[in-house]
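Notes to accompany the following structure.
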Amino acid sequence: MAAAPRVRVTELLAALSLATDLATYQPLGHGLSTSLLAVELAGELGCGPDRVRTVQQVALLRFLGCTSDAAETGRVTGSAEALHYASMAPALMGGPVGVVRALAKTVGVDEALPRRLGMIAGLLTDSGSLANHCEVGTMLARRLGMAEAVTVALAHAYERWDGKGQPDGLSGVDIPLEVRIAVVARDADLFARSGEDVPGLLRARRGSAYDPAVVDAYLGLDRPVGEADWDQVLEAEPRPVAYVDDLDGALAAVADFVDLKSPWTRGHSPRVADLASEAGRLAGLGPDAVVDLRRAGLVHDLGRVGVESSIWDRAGRLATGDWEKIRLHPYLTQRILAHCPALADLAEIASSHHERIDGSGYHRSLSGGHLSLEAQILAAADVLAAVSADRPQRGGVTVEAATALLEAEAAAGRLDSKAVSWVVAAAGGPPPAPRENPGGLSERELEVLGLLARGSTNRQIGEALFISPKTVGRHVENIYAKTGVSTRAGATMFAMENRLLG
């Protein structure tokens, strides 16, 4: 694939919209339909081709920051995590009564009533979650190569016409038109999928959450816009079509979008990509194959976003049903990538990272004769990176212990022995050359940032570094100032982007 034609921007963003559908527990294709309706509304409003392109991109990317608080949401909602997202989606732009009802269905369902009420009240008064979404979505969009108009719109993804939205309380025409259109298009698709009276619900929110002109544009459509398919979304892009300038940089952003879902996996995908590509080079693969192996490593865990954080981050024993959901994540990776023709060649490698040469792996139980060398290398790289890092159920092991574990897996006939030897050799290579601290951060600030990015509170950081929480707070403020972010999620994304998490 390395020498294949470039990837269309719309293809990449449409694939990402499938991932954000999974991460927000919406039907696959919801983001595609939203974008197609948004394009139609932009046309009704008289937007020119450049503005229509921006509207389409914002509609596809509006939930790009959704993994930024997934772990916290999973801790609060537990087994009701998917229901929480589904319940909140139509209520988000409604009145406070609807939001409270949605929270009451899902938050703290296993807690005593006073505790539940306190949790709900805390969520109602905390605007940090949506601010996280906006900041992280903006940072990732920049790395995808999006124009400034797109990143500015994503920074205000949850604003309302009446000024009661987030993160900045913008109102009226101060809200980017792309957001005003995407908000109506998204909710119209939600309402239509649940069989609601779409025109009636849009009229009810007209002038409060929604721009009246956008609602009127919807009501003026000759026909309702139904579910969209992949080809319709590509066809809706104004000509000339745009192509991704830096595919490797874009896929690195996708990797961080995925890894951000859990504090235990932050930095995992780039680590796998590094190990796999170096192992491929040692195995004598050609330059194009090495490039594809690295790209597959970056996106191999894309399907993880479709499995609840409350499962990934659970320290206790997982039930059979939970394991079955986990076993599906390589399948989800394959399906997302397979939808995008320009990335389809990566799907076979990326989705095979949990297969084993004796047929005991998942999701297809393939055996060695059906697995490419690249897939076998990626599987070994994934194991080494995973066992070397902390997880909820255990601590990470040394490279020496990880090597012994991989060699035992090879001896048992589950991993290919040559693939293991190449990955182990890659892991033992020279350390990267030292570089200046990004953002001008001090060594202490780097320590604080590393712990913050792994999900530690100020108190926990203070205990780990033998400093007071107040001192930690000052370091965090300095980190924000030096890195140009305003949320813990933004600081975490900065750490991931600059590969500060090992």
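Taking the criterion of being acidic (Asp, Glu) and farther than 23 Å from Thr10 by Cα, the residues of the range 211-237 that qualify are Asp211, Asp216, Asp222. On the stretch given as the range 128-151, residues that are small (Gly, Ala, Ser) and open to solvent by 30 Å² or more (accessible area, probe 1.4 Å) total 4.
Selection of the range 341-355 for residues being within 14 Å of Ala296 (Cα to Cα) and out of contact with any Phe, Trp or Tyr (no Cβ under 6 Å at 6 or more places or on another chain) yields Ala342, Leu343, Ala344, Asp345, Leu346, Ala347, Glu348, Ile349, Ala350, Ser351, Ser352, His353. As an exercise: evaluate Arg317 against (1) buried (at least 23 other Cβ atoms within 10 Å of the Cβ); (2) more than 24 Å from Leu373 (Cβ to Cβ); (3) among the charged types (D, E, K, R) and give the number of the one condition it does not meet. Exception for Arg317: condition (1). Scanning the range 39-72 for residues that are over 20 Å from Leu140 (Cβ atoms) and open to solvent by less than 10 Å² (accessible area, probe 1.4 Å) gives Leu41, Ala42. Within the range 232-255, the set of residues being in contact (Cβ under 8 Å) with a residue 24 or more places away in the chain, of a type in the set (Asp, Glu) and loosely packed, with under 15 Cβ neighbours inside 10 Å comprises Asp245, Asp246, Asp248.
Give the residues of the range 19-33 that are open to solvent by 10 Å² or more (accessible area, probe 1.4 Å) and within 10 Å of Ile336 (Cβ to Cβ), sorted by residue number. Residues satisfying the conditions are Leu22, Leu28.
Here's a check for you: in the range 457-502, which residue that is under 28 Å from the mean Cα position of the chain (by Cα) and aromatic (Phe, Trp, Tyr) is surrounded by the fewest Cβ atoms within 10 Å (Cβ to Cβ)? So, considering only residues that are under 28 Å from the mean Cα position of the chain (by Cα) and aromatic (Phe, Trp, Tyr), the one surrounded by the fewest Cβ atoms within 10 Å (Cβ to Cβ) is Tyr480.
If you go through the range 88-102 and keep only what is at pLDDT below 85 and of a type outside the set (A, V, I, L, M), you end up with Gly95, Pro96, Gly98, Arg101.
Considering the range 106-115, the residues that are farther than 8 Å from His84 by Cβ and in contact (Cβ under 8 Å) with a residue 24 or more places away in the chain include one that is farthest from the chain's Cα centre (by Cα), namely Asp110. The residue of the range 116-161 that is nearest to Lys261 (Cα to Cα), among those that are hydroxyl-bearing (Ser, Thr, Tyr) and in contact (Cβ under 8 Å) with a residue 12 or more places away in the chain, is Ser129. For His329, the conditions (1) modelled with pLDDT of 95 or more; (2) over 30 Å from Glu235 (Cα atoms) all hold with the exception of (2). Condition check: crowded, with 21+ Cβ neighbours inside 10 Å and either out of contact with any Phe, Trp or Tyr (no Cβ under 9 Å at 6 or more places or on another chain) or part of a helix (DSSP H, G or I) (or both). Does Ala182 satisfy that? Answer is yes for this residue. Reported count of residues in the range 462-497, each being in contact (Cβ under 8 Å) with a residue 60 or more places away in the chain, in contact with a Gly (Cβ under 8 Å, 6 or more places away or on another chain) and not in a helix (DSSP H, G or I), is 1. Right, Leu36: open to solvent by less than 10 Å² (accessible area, probe 1.4 Å) and more than 20 Å from the chain's Cα centre (by Cα) or not? Judged against the criteria, Leu36 is not a match. Taking residues in the range 438-461 that are on the phi > 0 side of the Ramachandran plot and free of Cβ contacts under 8 Å to residues at least 60 places away in the same chain, and partners anywhere that are buried (at least 20 other Cβ atoms within 10 Å of the Cβ) and in a helix (DSSP H, G or I), the pairs with Cβ atoms closer than 7 Å and at least 6 places apart or on different chains are Gly439/Thr483. Residues in the range 262-287 that are open to solvent by 10 Å² or more (accessible area, probe 1.4 Å), under 17 Å from Ala385 (Cα atoms) and outside any helix (DSSP H, G or I): 4 in all.
Residues in the range 288-302 that are closer than 24 Å to Trp264 by Cβ and open to solvent by 20 Å² or more (accessible area, probe 1.4 Å): Arg294, Arg295.
Is it true that Val184 is over 12 Å from Gly94 (Cα atoms) and of a type outside the set (Gly, Ala, Ser)?
Values: over 12 Å from Gly94 (Cα atoms): no; of a type outside the set (Gly, Ala, Ser): yes.
Judged against the criteria, Val184 is not a match.
Pairing residues of the range 408-420 that are over 15 Å from Ala381 (Cβ atoms) and touching a residue at least 24 places away in the same chain (Cβ under 8 Å) with residues that are among the acidic types (Asp, Glu) and surrounded by fewer than 16 Cβ atoms within 10 Å (Cβ to Cβ), at Cβ distances under 7 Å and at least 6 apart in sequence or on separate chains, gives Gly413/Asp358.
The values are calculated or read from the model by the stated rules, or taken from the named source; none is laboratory data. Computed from a prediction, not measured in an experiment: that's the story for all the values here. A quick note on method: Cβ atoms are made from the backbone with ideal geometry, for glycine too, and the neighbour counts reach across all protein chains shown. Each accessible area value is taken on the protein alone, full model and side chains, heavy atoms only, with ligands, DNA and RNA left out. Shrake-Rupley method; radii C 1.70, N 1.55, O 1.52, S 1.80 Å.
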